[in-house]
Amino acid sequence: MPQHDVQVLRPKTGEMIGRVPCDLIPDLLRVDQNCNVFIAEESGHLAAYSSAPALRLVR
């Protein structure tokens, strides 16, 4: 696993859903049904990230 960046991919297509900047070396990585990402190290460090809506201009 990369130490500086965790990439979250869609299992069926391999499409990248998102990229999580993280300085932890993940021993456990979980993505729930709402696309929230939980990263844990064996040492006890924990990081959690939530998805947020993004607006884009469509012409």
Item to check | Residues satisfying the stated conditions in the stretch 3-47, i.e. touching a Cys at 6+ places or on another chain (Cβ under 9 Å) and either surrounded by 10 or more Cβ atoms within 10 Å (Cβ to Cβ) or of a type in the set (Ser, Thr, Tyr) (or both) | outcome: 3, 5, 6, 8, 17, 18, 37, 39, 47
Checklist outcome for this item: In the stretch 12-57, residues that are among the aliphatic types (A, V, I, L, M) and part of a strand (DSSP E or B) total 12
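Each value in this text was obtained by applying a stated rule to the coordinates, not by laboratory testing. Here the structure is a predicted model, which is why all the values come from computation and not from measurement. Virtual Cβ from ideal backbone geometry, glycine too; neighbours counted across all protein chains shown.
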